[in-house]
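The values are calculated or read from the model by the stated rules, or taken from the named source; none is laboratory data. Treat the numbers as computed from the prediction; the structure is a model and nothing was measured. Cβ sites come from the backbone with ideal geometry, for glycine too, and all protein chains shown count toward neighbours. Only protein heavy atoms, including side chains, enter the accessible area calculation; ligands, DNA and RNA are left aside. Shrake-Rupley method; radii C 1.70, N 1.55, O 1.52, S 1.80 Å.
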Amino acid sequence: MGTEKCPICGGQSFGEFAGRPRAKCLSCHSLERGRVVHLTLQKLGLPRKEDKILHFAPEICFINLFTSTHEENYQPCDLFPDIYKNSKKEVKRIDICEDLYSMPSSSWDLIIHNHVLEHLLCSVRGVLRGFDRILKPGGTMIFTIPIHRGKETIEDLNPGLSELERRKRFGQKDHVRLFGDDVTDLIAESLGKDCFIPVSTLFTEEEFLLHAIPWEPSKEPHGHSIFVYRKT
């Protein structure tokens, strides 16, 4: 388009990623889902200056942003922190399936995770309820997940399943489940409320196209659809 601009870094050059044209910002490396999350946070007025942020599988673009805006109140974490050796902020090793349940309750104002739940060798319901437990009252969780329309969610938590079989069944060698149309109900049952927010309720087509994000409300929910949970 020529006028597209990344809302995170202001970059105006975009490249192909995983077969999707103009999906990746060539300046900060954000993908569509990251840009949607950033725009949604802006719409919601988040994070506030005093908020404590917990970020799972953090994108470098967000590490750079939140390290500059929230310093010690921002904690990025990942199962494999060594892949972030050049990060501006130390990424803490956390195994969600093992460590989540020992984390203190009501500790975080904002939890972010993008395309994380499909990797976890443990119960999605249990993890979502664990995230709810560590959120402060009034806190927010925002996340995205890959979704395949017209299919029921399937999973196989057998750790011995081969990479080839995972790729065949779930589309990627490190995925253990494939979310289907029933995922919105799964999330609502886990957290006690509907968390899916159709993009058309927050944005216009022009806003999305300006930030190099496909406008596909008729295909939702999909991989850059937004889920927002607010703890009462």
About the Cα centre, charge dipole magnitude for region 6-96 (Lys/Arg +1, Asp/Glu -1 at Cβ), debye: 260 debye
Eligible lysines near Lys231 by straight Cα distance, threshold 17 Å, same-chain separation 8 or greater: Lys52, Lys136, Lys193
Reachable aspartates and glutamates, given that their alpha-carbon falls under 19 Å from the alpha-carbon of Lys92 and they are not under 8 places away in the same chain: Asp51, Glu59, Glu71, Glu72, Asp78, Asp82, Asp109
Formal net charge of residues neighbouring Arg149 (Cβ-Cβ distance under 12 Å; K, R +1; D, E -1): -3
Distance in nm between pseudo-label sites at Ile83 and Tyr101 (7 Å out along the Cβ direction from Cα): 2.6 nm
DSSP-assigned coil residues among trypsin sites (Lys or Arg not before Pro) in region 113-150, each with at most 16 further Cβ atoms within 10 Å: Arg149
Region 175-229 - accessible surface per residue (Å², probe 1.4 Å): 39 Å²
Per-peptide average of other Cβ atoms within 10 Å, ordering 205-215, 16-26, 41-51 highest first: 205-215, 16-26, 41-51
Helix-only mean residue ellipticity at 222 nm for the chain, each DSSP H run of n ≥ 4 adding -39500 (n - 2.57), per residue, nearest 500: -7500 deg cm²/dmol
Lysines whose Cα lies under 18 Å from that of Lys151, excluding same-chain neighbours fewer than 8 positions away: Lys168, Lys219
Cα principal axis extents for the chain, largest first, Å: 46, 41, 36
Loop-located GluC sites (Glu not before Pro) in region 89-187, at most 15 other Cβ atoms within 10 Å (DSSP): Glu90, Glu152
